[in-house]
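Worksheet for the structure shown next.
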Amino acid sequence: MDRTPIKKALDADRIGQTVTVAGWVRTARHSKGGFSFLSLNDGSCFALLQIVADRTLANYEREILHLSAGCSIVATGELVASEGKGQAVEMQAKEIRVLGEVDAETYPVQAKRHTFEFLRTQAHLRTRTNTFGAVARVRNRICAAIHEFFQRRGFLYIHTPIITSSDCEGAGEQFGVSTLDPAAPPRDENGQVDFSQDFFGRRTYLTVSGQLAVEPYCCSLGDVYTFGPTFRAENSNTPRHLAEFWMVEPELAFADLNDDADLAEEFLKYVFSTVLNDGEEDLNFFNEHIDKTILETLRHIHESEFVRLTYTEAMDVLETAERDWDYPPKWGADLQTEHERYLTEETFQKPVIVTDYPASIKPFYMYVNEPDERGRRTVRAMDVLVPKIGEIIGGSQREHRLEVLESRMDECGLNKDDYWWYLDLRRHGSIPHAGFGLGLERCVQFCTGMANIRDVIPYPRTPRNAEF
RNA sequence: UCCCCGAUAGCUCAAUGGUAGAGCGAGCGGCUGUUAACCGCUAGGUUCUAGGUUCGAGUCCUAGUCGGGGAGCCA
């Protein structure tokens, strides 16, 4: 169909042109005076195109008068300067074809305010609302910006596998992948399920991170990144967690933790400024109706330098804070949510990169620092914390010294045979390298102000919820 | 998984242990270059499920299911 996106139809310099638009009626206001106002959305932008239809249309009485929210139409007409107040441009319809009618009695998305909880039960139709249309466009722009950022810097986009066989990547519970009959799986002599007869001839899982699989590419091709779906079978019931989410994981070659932190900061600033520049219409909506601080926050971050401090320094800040903690800060324990919020929202009021965490609370693959003067051992890990969301990025310099890595794996109780290829990278031409993971949905949350992560992914998967 | 809160009309919510209501939406009518239009009328209910207390339960008790907030796990 030769149609003009509404985004283009609304350009003032198109006035006088005759165009065809297609979309879904958001609201229909009928006057018995013999004309109707149809507000049309086609997803190309936030704004609606008002179509004026009058009884000179052949199907006015029969069809147009019965149009209501949700109906799909194709309209052809002249773009004219609007006589009304709410819009500069509108269409004077010459022909309107009704593609799909709506049973107004049962159409769930009414022209009124709905709660996000209700709209989650209508995930197939919630995209027809202002909020979810805007979320989809911002999410798209963020994804494009992510690729732009890395591509312009020469990073290779690597597709790491969704199905993996390493069962302890150190990042949470995994979903099993199997084609065995769950009601009657084959069993070995000990009565255990015999996965050697499974599709892959071994136990397999959905990936919890592409990091281990992307490191070999980093250690041969240089700077790389992976960007894909990630799965965690944790029983997490929070507005910040999903069982299926998207993660961006760059891996920098010949790099240390400082390079990693530099990259993370530049990366976030690029993504945020892109959304600010290109998503103005949608962001204005979020700023007005969802979170009144979102524009100010994004601009502020773009202009300011991220705070960088070590875990030990952060502990000093927290320990001297005049404040009653639910969990008093203590060196060796992980930062609690209340601690992160204090640092980002009160002490510094901007993103904070915390580095060099105690080795005991971080995974085996992180580079081990020399013990400090008090003999405490840390690893070159970093978390990028932002106001409200908390941890948006987690990363580290990787341990590239074979002996240190092996002893760390022993400490963590891992079977080194399972990681033979990962260890091989440290045997043959090992290099210092570093990387991080950004949770896409948390980034979308941060840019839109949407409070619940289930509302920034099309079809959220959470415990007990895989409808749609 | 733990703590707290909630579930009543299509949606958002009211309703001292005593006949279940409103707004919005929907249908019909009126009015209008309208714009979350406006005005009038009408229809619409197994009060989440299963037990229990009571003469009587939307309301009180127990268990469960689902949802929300907080915490943990993390991105």
Rg/Rg_ref, chain A, where Rg_ref = 2.2 N^0.38 Å and atoms are Cα: 1.18
Value of [θ]222 nm, deg cm²/dmol, for chain A, DSSP H segments ≥ 4, -39500 (n - 2.57) each, nearest 500: -8000 deg cm²/dmol
Chain A - percent relative contact order, Cα under 8 Å, separation 6 or more: 13 percent
Mean Cα-pair separation over length for region A:6-112, i.e. relative contact order, pairs under 8 Å, 6 or more apart, %: 30 percent
Nearest 10 degrees, 0 to 90: helix A:257-278 Cα axis against chain A principal axis: 0 degrees
Size descriptor, Kirkwood hydrodynamic radius, that averages inverse alpha-carbon separations across region A:171-284, Å: 17.8 Å
Cα principal axis extents for region A:393-433, largest first, Å: 26, 25, 15
Taking the convex hull of Cα positions in region A:294-394, its mean projected area over all directions (nm²): 7.0 nm²
Surface/4 estimate of mean projected area, convex hull on alpha-carbon atoms of region A:335-468, nm²: 11.4 nm²
Share of pairwise Cα separations in region A:9-166, more than 22 Å, in percent: 53 percent
Calculated on alpha-carbon atoms, Rg and Dmax of region A:376-416 in Å: 13.8, 40
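Bear in mind these aren't lab numbers, they're just calculated from the coordinates by the rules spelled out. Just so you know, these numbers come straight off a predicted model, no measurement behind them.
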